[in-house]
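Written out below as structure tokens is the structure these notes cover.
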Amino acid sequence: METIAKFVRIGLGALTMFVATAMAETPYEVWGIDQSSSPGKTFGGTVYIYDGKALERGHRATETVPEVIDLSLEASALCLAQTGANPLRPHMIAMNASQTHAIISFVATGHVLIMDALTRTPIECIRTSAGAGGARQVHFAIPSPDESYIAVANQNGKLFERIDTDYLTNSFVLNTGAMINLFACLTPNGIACQDATLRPDNAPICPIIESTSRYVFVTLRGGGLFVVDAKATPMQIVAEYDVSTVHPNGCLGVQVGQKMYVDSGGGTATHLFGADVYAFPVTGFSPLNPPNVPEPTVVLSDTSEEADAHGATLTKHQRYLWIADRGRNFIWVIDTQTDEVVKEIPLAGRISDDPTPDLLATSPNGSHIFMSLRGPNRSRLTPTSALAVRPGLA
């Protein structure tokens, strides 16, 4: 790889992905992560790093041998030394805008691991705050485009947290004064953040940061959504949405111009099936607004059996939005100019009759889309709709 490398991150389980902008000839890597423990251990995990150009070789792509990083070694030693606990179940990978650092979220123990992306060296390990019922689970920690912070969804702790960052000096600090307790707070309208009718389960799932880095769209497991001003300390809710406006299990999102696409899916006991896509504006937020303002556009909504919208990515030039339906094994294709669904791409076939596409990422040159495939081994929280036969990278 060149000294300035390009990366794509993708999951080999329940994970995430990232795409960098690059010219067609630029080398890049595809990072994947297995959220199981390291072989023979009860902690750690495994990162797989592929040569992206080797994955573009058609049928010969299967010959590509990944670099493997065992997270039970140096990474776990760092976490144990800095937090007193080993990390368990790595779930998501993110890259900062400069592509110098990888951020790994551990969903079982609430750790955020920061690694040097080029040397593969673990630099910092932070354990997030104990929240509701003493729980802490980092479902997704994502760096802001301006590289000033990492937004952290502390899932079962029901906390939205912020790590202040300086990648040049390798300074990473959990700012406890910035935190929002989504279980106990009130919105600017004086409404309980978690409410049995409006927002019944405020476990944050995915923070989605718009391009100026000020606003973060925070999806919620039980439905509803908050837009948060992440630059304020403490961070401030500037828009609130209820479950009738944004359905449960909000997952991922992407920005196109002045629109932020956010999807919602199925896979939980209270909301088994669902495929929704919303287009939010990225301006017009104010604590003076009433609930559900500014109103999102509903791009699609499907409650059919087995529906489960999950991963999202944009094709070249942001012309189309692809959404993975992991329950029904196809890709929704949405025209980003008209917000119309223009095609469904079936994925079941010769290679797998049940691939279960989890997350998606587009190569830097726009020629290929990578997807993570779920496997048959169910963790305690994995929905049965997300189980498949053959895990891996497609």
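The values are calculated or read from the model by the stated rules, or taken from the named source; none is laboratory data. This is a predicted model, so every value here is computed, not measured. As a convention, Cβ positions derive from the backbone with ideal geometry for all residues, glycine included, and neighbour counts pool all protein chains shown. SASA here: full protein model, heavy atoms, side chains in, ligands and nucleic acids out. Shrake-Rupley method; radii C 1.70, N 1.55, O 1.52, S 1.80 Å.
Evaluate the following for TYR261: is it among the aromatic types (Phe, Trp, Tyr) and over 30 Å from GLU306 (Cα atoms)? Let's see the steps before the verdict.
On the way: among the aromatic types (Phe, Trp, Tyr): yes; over 30 Å from GLU306 (Cα atoms): no.
Judged against the criteria, TYR261 is not a match.
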Scanning the stretch 201-229 residue by residue, those open to solvent by 20 Å² or more (accessible area, probe 1.4 Å), without any contact (Cβ under 8 Å) to a residue 40 or more places away in the chain and of a type in the set (A, V, I, L, M) turn out to be none
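Name the residues in the stretch 315-340 that are open to solvent by 60 Å² or more (accessible area, probe 1.4 Å) and within 21 Å of GLY266 (Cα to Cα), would you?
Residues of the stretch 315-340 that are open to solvent by 60 Å² or more (accessible area, probe 1.4 Å), as a first pass: 316-320, 328, 337-338, 340.
Residue satisfying the conditions is ARG328 alone.
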Within the stretch 288-316, the residues that are in a strand (DSSP E or B) and in contact with a Ser or Thr (Cβ under 7 Å, 6 or more places away or on another chain) are ASP308, ALA309, THR313, LEU314
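Show me the strands (runs of 3 or more DSSP E) found entirely inside the stretch 1-87 where at least 1 residues are at pLDDT 85 or above and under 19 Å from ASP116 (Cβ atoms). Explain how you work it out, then say what you get.
On the way: elements: 6-9, 28-34, 46-51, 67-70.
Correct list: 28-34, 46-51, 67-70.
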Filter the stretch 271-295 for residues that are touching a Lys or Arg at 6+ places or on another chain (Cβ under 9 Å) and open to solvent by 30 Å² or more (accessible area, probe 1.4 Å); the one that is farthest from ILE334 (Cα to Cα) is HIS271
SER372: passes all of (1) more than 28 Å from GLU25 (Cα to Cα); (2) not in a loop (DSSP other than H, G, I, E, B) but (1)
Considering the stretch 344-369, residues that are more than 21 Å from ALA275 (Cβ to Cβ) and either touching a residue at least 60 places away in the same chain (Cβ under 8 Å) or in a strand (DSSP E or B) (or both), and then whichever is least open to solvent (accessible area, probe 1.4 Å), we arrive at SER363
Within the stretch 95-112, of all residues that are among the small types (Gly, Ala, Ser) and crowded, with 24+ Cβ neighbours inside 10 Å, the one farthest from the chain's Cα centre (by Cα) is GLY110
Checklist entry - Quick check: anything in the stretch 250-258 in contact (Cβ under 8 Å) with a residue 40 or more places away in the chain, of a type in the set (Val, Ile, Thr) and within 23 Å of PRO200 (Cα to Cα)? => result no
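Residue-wise test of (1) β-branched (Val, Ile, Thr); (2) crowded, with 20+ Cβ neighbours inside 10 Å; (3) within 20 Å of ARG127 (Cα to Cα); (4) out of contact with any Ser or Thr (no Cβ under 6 Å at 6 or more places or on another chain).
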residue: PRO39; (1), (2), (3), (4): no, no, no, yes
residue: GLY58; (1), (2), (3), (4): no, no, no, yes
residue: VAL65; (1), (2), (3), (4): yes, no, no, yes
residue: ALA77; (1), (2), (3), (4): no, no, yes, yes
residue: ALA81; (1), (2), (3), (4): no, no, yes, yes
Within the stretch 273-309, the count of residues that are under 25 Å from ARG374 (Cβ atoms), in contact (Cβ under 8 Å) with a residue 40 or more places away in the chain and out of contact with any Leu (no Cβ under 8 Å at 6 or more places or on another chain) comes to 8
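Every residue, every condition in (1) open to solvent by 10 Å² or more (accessible area, probe 1.4 Å); (2) in a loop (DSSP other than H, G, I, E, B); (3) not hydrophobic (A, V, I, L, M, F, W, C), yes or no:
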residue	(1), (2), (3)
LYS231	yes, yes, yes
ILE237	yes, no, no
THR245	yes, yes, yes
CYS251	no, no, no
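Does the stretch 305-315 contain at least one residue that is in contact with a His (Cβ under 7 Å, 6 or more places away or on another chain) and under 30 Å from ARG390 (Cβ atoms)?
Taking the stretch 305-315 and keeping what is in contact with a His (Cβ under 7 Å, 6 or more places away or on another chain), we get none.
Checked against the condition, which is being in contact with a His (Cβ under 7 Å, 6 or more places away or on another chain) and under 30 Å from ARG390 (Cβ atoms), the stretch 305-315 yields no hits at all.
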Within the stretch 317-328, residues at pLDDT 95 or above and within 21 Å of the chain's Cα centre (by Cα) come out as GLN318, TYR320, LEU321, TRP322, ILE323, ALA324, ASP325, ARG328
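Counting residues that are open to solvent by less than 50 Å² (accessible area, probe 1.4 Å) and closer than 17 Å to ASP229 by Cβ, which strands (runs of 3 or more DSSP E) fully inside the stretch 113-180 reach at least 3? Full working, then the answer.
Details: elements: 122-127, 138-143, 149-154, 159-166, 171-174.
The strands (runs of 3 or more DSSP E) meeting that bar are 149-154, 159-166.
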